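In what follows, a single structure is set out as structure tokens and then discussed.
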Amino acid sequence: MKPILEAPFLVEMIRTTTNMYNHGWDERNGGNISLLLDGKEVAQYLDVRHVIRTIPTGFTAPELDGRYFLVTGTGKYFKNVEVAPDVNLGIVRLADSGRQADLLWGFSDGGQFTSEFPAHMMSHVARLSVDPANRVVMHCHPANLLAMTYVHDLDERAFTRTLWQMCTECIVVFPEGVNVLPWMLCGTNEIGEATAEKMKTARLVVWAQHGIYGAGKDLDETFGLIETAEKAAEIYLKIAHLPLLNTISDDAMHQLEKRFGIKARAGYLD
Ligand code: 2HA
Ligand code: ZN
């Protein structure tokens, strides 16, 4: 058995949570990440027959039965993941049609997975249905995107177009745009189901007055998606109160589509 703390998925998760904390996206216990793991890879590091304890999930997700996830813990601080990964992270395998999670490693102080586990698991199901390569769901509280939800129209087309107009690369990085949910109570199956529905058409879902969800094939890609949208929101907040003299025109966006071989969300460009 190889040492679990040397597993690339764990090393990468520790790097990512630390980096997100350092970006100011995950104050206190804010934010959570789940990473879908390959069971064969996990078995190189853990005796996967040894279940430490079983945790009820409160939802069903038959599509994820038997799947393994590395996930951040409820009430845990991203700041602390690098110094105590086994307390702040856990590896679980879903069982009984997703109704229960078998803990195989971590949460060593008796803790459990993030309160947003329903939103994460339902989002994995939604993303996998449109992109079988999806592995990551990531949630955090980046200040500029959050601030933008107080002063900008939450209409998805309008919100997306503003972000696209703030940096040339935005439309290239997220051509499908960002979807937006109005304020909803977090930690519930309802917000989980609403997030998952939005995840079918975009990898970024803004939770108004709360934060953002991102999804992607690896931690780097997902981090980069949120990073790009957050940068655009930062620029928006720098200019929103000033007279606008220039912007990226729809004609320029069409040139970007051609140059980078991407297709903007249907109906979002004139
Ligand atoms: O885990 O970010 O949305 C803390 C949160 C809940
Ligand atoms: Zn949150």
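Bear in mind these aren't lab numbers, they're just calculated from the coordinates by the rules spelled out. Bear in mind the structure is a predicted one, so any value in this text is a computation, not a measurement. As a convention, Cβ positions derive from the backbone with ideal geometry for all residues, glycine included, and neighbour counts pool all protein chains shown.
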Seminar exercise, completed: Note, residue 166: beta-carbon cut-off 12 Å, +1 each Lys/Arg, -1 each Asp/Glu, net 0
For this session: Report, in degrees rounded to the nearest 10, the 0 to 90 angle that the Cα long axis of helix 250-260 makes with the longest principal axis of the chain.
Result: 50 degrees
For this session: Name the residue farthest towards the positive end of the dipole of the chain from the options 208, 237, 110, assuming +1 on Cβ of Lys and Arg, -1 on Cβ of Asp and Glu, about the Cα centre.
Result: 110
Exercise. Residues with amide H under 5 Å of residue 105's amide H, sequence separation 5 or more or different chain, H placed in the peptide plane at 1.01 Å from N; which?
Worked result: 91
Problem set entry | Out-of-range pairs (alpha-carbon distance over 26 Å; input 200/231; 76/217; 238/263; 40/76; 40/79; 2/200) | 238/263; 40/76; 40/79; 2/200
Problem set entry | Rounded D (µm²/s) - region 26-160, Kirkwood Rh over Cα pairs, Stokes-Einstein at 10 °C, 1.306 mPa s | 100 µm²/s
Seminar exercise, completed: Sorted largest first, the Cα spans of the chain on the principal axes come out in Å as 62, 34, 33
Seminar exercise, completed: At R0 = 22 Å the Cβ-Cβ FRET efficiency linking residue 11 and residue 99, nearest 0.05, sits at 0.10
For this session: Per DSSP H run of at least 4 residues, take -39500 (n - 2.57); add these up for the chain, divide by its residues and hand me the 222 nm value, nearest 500 deg cm²/dmol.
Result: -11500 deg cm²/dmol
Problem set entry | Extreme residue, positive dipole direction of the chain, given options 69, 182, 150 (C-beta unit charges) | 69
Exercise. Where the only charges are on Cβ atoms (+1 Lys, Arg; -1 Asp, Glu), what is the dipole of the chain about its Cα centre, to the nearest 20 debye?
Worked result: 160 debye
Seminar exercise, completed: Amide H proximity to residue 203 below 5 Å, modelled H, separation 5+ or other chain, gives none
Problem set entry | Cut-off under 5 Å, modelled amide H: who pairs with residue 31 long-range | none
Problem set entry | Potential lengthening between residue 50 and residue 185 on full extension [0.36 nm per residue; Cα-Cα distance subtracted] | 45.0 nm
Exercise. Of 56, 118, 243, which is the most mobile in a GNM of the chain whose springs link Cα atoms less than 10 angstrom apart?
Worked result: 243
Exercise. In debye, nearest 20: dipole of region 49-207 around its Cα centre with unit charges on the Cβ of K, R (+) and D, E (-)?
Worked result: 260 debye
Seminar exercise, completed: Most exposed first, judged by fewest Cβ atoms within 10 angstrom, 33, 239 run 239, 33
Problem set entry | In order through region 6-20: 3J(HN,Hα) via Karplus (6.51 cos²θ - 1.76 cosθ + 1.60), integer Hz, x for Gly, Pro | 9, 5, x, 5, 6, 4, 5, 5, 5, 4, 5, 4, 5, 5, 5
Problem set entry | Likely footprinting exposure, 1, 121, fewest C-beta neighbours within 10 Å first | 1, 121
Problem set entry | Karplus (6.51, -1.76, 1.60) ³J(HN,Hα), θ = phi - 60°, over region 214-227, in Hz, Gly and Pro reported as x | x, 9, x, 7, 8, 5, 4, 4, 5, 4, x, 4, 5, 4
Seminar exercise, completed: For region 97-103, Karplus-derived ³J(HN,Hα) couplings (6.51, -1.76, 1.60; θ = phi - 60°; whole Hz; x for glycine and proline) come out as 6, x, 6, 9, 10, 8, 7
Exercise. Tally Lys and Arg at +1 and Asp and Glu at -1 over the other residues with C-beta under 14 Å from the C-beta of residue 189: what net charge comes out?
Worked result: -3
Exercise. For residue 231, what is the net charge nearby, where nearby means another residue's Cβ is under 12 Å from its Cβ and Lys, Arg count +1, Asp, Glu -1?
Worked result: -3
